[in-house]
Amino acid sequence: MLSSKLPNLGTTIFTIMSKMAQDEGAINLSQGFPGFGADPVLLELVAKYTKENYNQYAPMSGIPALQEVLASKTHLCQGYLPDMESEVTIVSGATEAIFCAITAVVQEGDEVIVLEPAYDSYDPAITLNKGISVYVPLNVGDFSVDWQKVKDAITSNTKAIIVNTPHNPSGFVWSASDVNQLAELIQDREIYVISDEVYEHITFDEKKHISIGSHPELRAKTFVCGSFGKTFHVTGWKIGYCIAPKDLSKEFRKVHQYVTFSTVTPIQFALAEYLKVPDRYLSIPDFYQKKRDFFAKGLAETKLGFIPSTGSFFQLASYGHLTDISDWELAERMTRKLKVACIPISVFYSDKKDDKIIRFCFAKEEKELELALERLRKLESIL
Ligand SMILES: Cc1ncc(COP(=O)(O)O)c(C=O)c1O
């Protein structure tokens, strides 16, 4: 019998809820993927590069044209210019970036601070590398960071901290003060930062995403992990990147080299051309703000409680004032009876803490959101 390296892992909640949504014919606001198509210009570019036979292995760290345009984007959006050759690596999705960064850094017995609720790929990568996840809870409510708790969690064994802004599942976006507090806490220590910034272009209400890489001191110890899939509504393409200083990128690439070696070639060429027009990513916040506003307006007409999301394409909603049932139970009932699927956020906690909060993905067409909201107005009928 094979002894499992991840004995506590089952099927992810996203697979479970998406399947349930499909079986029940429910509107799927559970899994985080857009319900609309990508820009036809981008699709045409992919078609062009596949037809022109850009179909063999790309260079291990990415095609230079994409590394270059990504470095320029970082300069434009975050005010620093990474070296395209030695500091920018193109990978097969942010999940790969996070895995390679954790693997590059974590040795047996190292502690890694994880702020929770947390995206589910962090802990398995830490565990596979024989590290120890040390969980620090975010403030229930707005899910801001409690810096005193982070400070208290740091020990001489702390090797890394994983941060995520804009945050999944809460939508919380870090302020400059959060970035400065992190810098202060880990200055003079050999603690690395793995910064999951896949929702970098999805922020609202004039809030701006501040990359951890934009802080000069933090930059020296940070792996910034991004996802083109999230930015351009093509999550199925699984293409992302890691920006890290030369010495960190060198170790990162040693892992990446033997995880995937390189990333899908024609899509790299297509993105390199597409990203030359900054408006294609600078217009994303406005695009999603309309969806956030529409969904929040409709949600205000339901009995659910919420603070409007400030980033990502997720909206949390609380229901503890309506019923005592678990968030799992509510998510299941909503899927089967109301025909709207969501995610119970207890799954984002290591101890499955139930704050009576559920998560909706609003990256959907307005008519789909409208129908979901109409059903959510009848929530009390299933409680
Ligand atoms: C916070 C967070 N990080 C990483 C990922 C994975 O990104 P990718 O699809 O590029 O691997 C997701 C996808 O849902 C996410 O929500």
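Quick note: the coordinates plus some simple rules give every number you see, no bench work behind them. Computed from a predicted structure; not experimentally measured. Methodologically, a virtual Cβ is constructed for each residue, glycine included, from the backbone with ideal geometry; neighbour enumeration extends over all protein chains shown.
Sorting Asp196, Asp39 on the 10 Å Cβ count, fewest up front, what's the list? Intermediate results must be reported in sequence, preceding the final value.
Numbers: Asp196 28, Asp39 13.
Least to most surrounded, the residues fall as Asp39, Asp196.
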Hits among lysines - C-alpha to C-alpha of Lys230 under 23 Å, sequence gap 8 or more where chains match:
Lys19, Lys48, Lys73, Lys207, Lys208, Lys238, Lys276, Lys290, Lys291, Lys364, Lys367
Under a point-charge model restricted to the Cβ atoms of Lys and Arg (+1) and Asp and Glu (-1), what is the dipole moment magnitude of the range 40-281 relative to its Cα centre, in debye to the nearest 20?
580
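Can you sort Cys77, Cys361, Cys242 so the residue with the fewest Cβ neighbours within 10 Å comes first?
Cys77, Cys361, Cys242
Given only helices, namely DSSP H runs of n ≥ 4 each adding -39500 (n - 2.57), what is the per-residue ellipticity at 222 nm of the chain, to the nearest 500 deg cm²/dmol?
Helix contribution divided over all residues of the chain: -11000 deg cm²/dmol.
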Globularity ratio of the chain, using Cα Rg and 2.2 N^0.38 Å:
0.97
Cβ-based exposure ranking for Arg253, Arg280, in which fewest neighbours within 10 Å come first:
Arg280, Arg253
Give the shape of the range 198-262 as rounded, prolate or oblate, defined through the alpha-carbon gyration tensor: a ≥ b ≥ c are the square roots of its eigenvalues, a/c under 1.5 means rounded, and otherwise the shape is prolate if a/b is larger than b/c and oblate if not.
oblate
Rg and Dmax of the range 209-324, using alpha carbons, in Å: what are they?
18.9, 53
Yeah, the range 340-383 with a ≥ b ≥ c from its alpha-carbon gyration tensor (a/c under 1.5 is rounded, else prolate when a/b outruns b/c, oblate otherwise) is oblate
